[in-house]
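*Asks:* Here it is, the structure, as structure tokens.
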Amino acid sequence: MEVNVPELKLTLETVTPLFLGGADPQEPPELRPPAFRGAMRYWLRAALGGVLGDGDLDALRLLESRVFGSTVAASPISVRLTGNLEADRYPILPHKQNGHSREGGQRRAFGPDQTFDLVLEQPPELGSGATWKAGCAALNLMLTCGGVGLRSRRGYGTLRAVRSTAPELVPPSPDSISGWRRRVKEAIEGAVAAARFLARDQSMAVVRSPAGPAQFPCLGGATTVRVYDVRAHSAMDAVRQFMSKVPRNPAFGGISPRQASPLWVRPIATGRTYGLLFIILPSRFSRADYDRVEGFLKANFSIRHAGQEE
């Protein structure tokens, strides 16, 4: 008897340089599943925080391990990548005029406008419908709101879904402001619903999503989404517009002390030009200032170019 194995196959296109380090940083980047699994795990954790809150981290880790595994249990979901991508050197800070300077140095990355395939698969004996939906929802959220690899919060590692064998789970990427506005709403709502289904499948209590910054980035009442049509000529032009304006301020993250930015930036196709999608995932950290982050967006990305904000 033939067993039906849940499978999702995507053709993905690189939109911005994809910095994926291999075993040797001096060698060309490597297209390997761990980077994708790590990004998907991040977004699943954010969705789980939206339904479990941040009061029981052990419960959250347990649910996360049900989908993406742990040090003691393998993941029921496999990730396979196939494709031959060409690498070149790209600036880490694209808004710096001298890409060879210390501040705007370059690294090897897979360049834009290349395609590869990603296959998500779950044998039925290893997982459940809840784990499968949670894994697919995390992938959809990653492709919609974020990216993969180094500096993915700043627009690098952005991917476009060209084709999907299960568009009801992960649809192809839109190419308009209105399409992106719908997509990000559907992706967030779908991920939270999948996280709620997973929690109930494991008999865990569901609570109200955090209304303010939590211990870690959560999809909840404090999440902010902004979509702007900056009318950039390319995806990297859109990233440069943002990078040239963002201030050096601990509210946006930093390296001393090390703190990840709560602001995710993603270039989006808006027909013949490009816009920017911003996601603010607040968390509690010593120098957080979300009024400053919101003020920066309002001051630098005019609403008259936004069409409509979320």
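*Asks:* If you scan region 131-160, which residues turn out to be in a helix (DSSP H, G or I) and either modelled with pLDDT under 95 or aromatic (Phe, Trp, Tyr) (or both)?
*Replies:* TRP132, the sole residue that qualifies.
*Asks:* For region 63-86: of the residues being surrounded by fewer than 14 Cβ atoms within 10 Å (Cβ to Cβ) and either of a type in the set (S, T, N, Q) or more than 30 Å from ALA232 (Cβ to Cβ) (or both), which is nearest to the chain's Cα centre (by Cα)?
*Replies:* Only one residue tops the list, namely ARG80.
*Asks:* Consider only pairs whose beta carbons are under 8 Å apart and that are at least six residues apart or on different chains; among these, list those whose first residue lies in region 216-231 and is among the acidic types (Asp, Glu) and whose second residue is outside any strand (DSSP E or B).
*Replies:* Cβ pairs passing all conditions: ASP229/ILE177; ASP229/HIS305; ASP229/ALA306; ASP229/GLY307.
*Asks:* Restrict the check to region 218-228 and report whether at least one residue is surrounded by fewer than 21 Cβ atoms within 10 Å (Cβ to Cβ), within 20 Å of the chain's Cα centre (by Cα) and within 25 Å of LEU18 (Cβ to Cβ).
*Replies:* yes
*Asks:* Now for a separate question. Has region 165-187 got at least one residue that is under 19 Å from ASP56 (Cα atoms), of a type in the set (Val, Ile, Thr) and under 16 Å from the mean Cα position of the chain (by Cα)?
*Replies:* No - not one qualifying residue is present in region 165-187.
*Asks:* Right, something else. So if I check each of ALA130, ALA109, which one is touching a residue at least 40 places away in the same chain (Cβ under 8 Å) and either over 22 Å from LEU198 (Cβ atoms) or surrounded by 23 or more Cβ atoms within 10 Å (Cβ to Cβ) (or both)?
*Replies:* Working: ALA130 fails: either over 22 Å from LEU198 (Cβ atoms) or surrounded by 23 or more Cβ atoms within 10 Å (Cβ to Cβ) (or both).
Result of the check over ALA130, ALA109: ALA109.
*Asks:* From the list LEU44, LEU60, LEU52, pick out the single residue that is modelled with pLDDT of 95 or more and surrounded by 19 or more Cβ atoms within 10 Å (Cβ to Cβ).
*Replies:* LEU44
*Asks:* Hey, another quick one. How many of the residues making up region 112-127 are over 15 Å from GLY69 (Cα atoms), surrounded by fewer than 18 Cβ atoms within 10 Å (Cβ to Cβ) and at pLDDT 95 or above?
*Replies:* Counting residues in region 112-127 that are over 15 Å from GLY69 (Cα atoms), surrounded by fewer than 18 Cβ atoms within 10 Å (Cβ to Cβ) and at pLDDT 95 or above gives 6.
*Asks:* While we're here: Which residues, taken from region 234-253, are out of contact with any helix residue (DSSP H, G or I) (no Cβ under 8 Å at 6 or more places or on another chain), farther than 12 Å from LEU276 by Cα and without any contact (Cβ under 8 Å) to a residue 60 or more places away in the chain?
*Replies:* Answer for region 234-253, where residues must be out of contact with any helix residue (DSSP H, G or I) (no Cβ under 8 Å at 6 or more places or on another chain), farther than 12 Å from LEU276 by Cα and without any contact (Cβ under 8 Å) to a residue 60 or more places away in the chain: ARG248, PRO250.
*Asks:* For VAL207, are the conditions met, namely being β-branched (Val, Ile, Thr) and either out of contact with any Leu (no Cβ under 8 Å at 6 or more places or on another chain) or buried (at least 20 other Cβ atoms within 10 Å of the Cβ) (or both)?
*Replies:* Spelling it out, it is not the case that VAL207 is β-branched (Val, Ile, Thr) and either out of contact with any Leu (no Cβ under 8 Å at 6 or more places or on another chain) or buried (at least 20 other Cβ atoms within 10 Å of the Cβ) (or both).
*Asks:* Does region 183-196 contain at least one residue that is crowded, with 17+ Cβ neighbours inside 10 Å, of a type outside the set (Lys, Arg) and assigned to a loop (DSSP other than H, G, I, E, B)?
*Replies:* no
*Asks:* Determine which member of the set ALA205, ALA187 is among the aliphatic types (A, V, I, L, M), out of contact with any strand residue (DSSP E or B) (no Cβ under 6 Å at 6 or more places or on another chain) and farther than 30 Å from GLN114 by Cα. I'd like the intermediate steps shown before the answer.
*Replies:* Details: ALA187 fails: farther than 30 Å from GLN114 by Cα.
From the options ALA205, ALA187, the qualifying one is ALA205.
*Asks:* Just name the residue that is nearest to PRO17 (Cα to Cα) out of those in region 133-168 that are of a type in the set (A, V, I, L, M) and buried (at least 24 other Cβ atoms within 10 Å of the Cβ).
*Replies:* LEU159
*Asks:* Among the residues of region 87-105, is there at least one that is crowded, with 16+ Cβ neighbours inside 10 Å, touching a residue at least 40 places away in the same chain (Cβ under 8 Å), more than 18 Å from the chain's Cα centre (by Cα) and not in a loop (DSSP other than H, G, I, E, B)?
*Replies:* Among the residues of region 87-105, at least one is crowded, with 16+ Cβ neighbours inside 10 Å, touching a residue at least 40 places away in the same chain (Cβ under 8 Å), more than 18 Å from the chain's Cα centre (by Cα) and not in a loop (DSSP other than H, G, I, E, B), which makes the answer yes.
*Asks:* Count, please, the residues in region 58-86 that happen to be part of a loop (DSSP other than H, G, I, E, B) and touching a residue at least 60 places away in the same chain (Cβ under 8 Å).
*Replies:* Residues that pass the stated criteria total 1.
*Asks:* Note down all Cβ pairs under 9 Å where the first residue falls in region 25-36 and is farther than 18 Å from SER78 by Cβ and small (Gly, Ala, Ser), the second is in a helix (DSSP H, G or I) and at pLDDT below 95, and they're at least six residues apart or on different chains.
*Replies:* Cβ pairs passing all conditions: none.
*Asks:* Now, a different point. Any residue that is surrounded by fewer than 20 Cβ atoms within 10 Å (Cβ to Cβ) and in contact with a helix residue (DSSP H, G or I) (Cβ under 6 Å, 6 or more places away or on another chain) - is there at least one of those in region 283-291?
*Replies:* Checked region 283-291: at least one residue is surrounded by fewer than 20 Cβ atoms within 10 Å (Cβ to Cβ) and in contact with a helix residue (DSSP H, G or I) (Cβ under 6 Å, 6 or more places away or on another chain).
*Asks:* Can you list residue pairs whose Cβ atoms sit under 9 Å apart, with the first residue in region 161-173 being outside any loop (DSSP other than H, G, I, E, B) and the second being among the basic types (Lys, Arg) and at pLDDT 95 or above? Count only pairs 6 or more apart in sequence or on different chains.
*Replies:* ARG163/LYS9; SER164/LYS9
The values are calculated or read from the model by the stated rules, or taken from the named source; none is laboratory data. What you see is a predicted model; the values in this text were computed from it and never measured. Don't worry about glycine lacking a Cβ; one is built from the backbone with ideal geometry, like all the others, and counts go over all protein chains shown.
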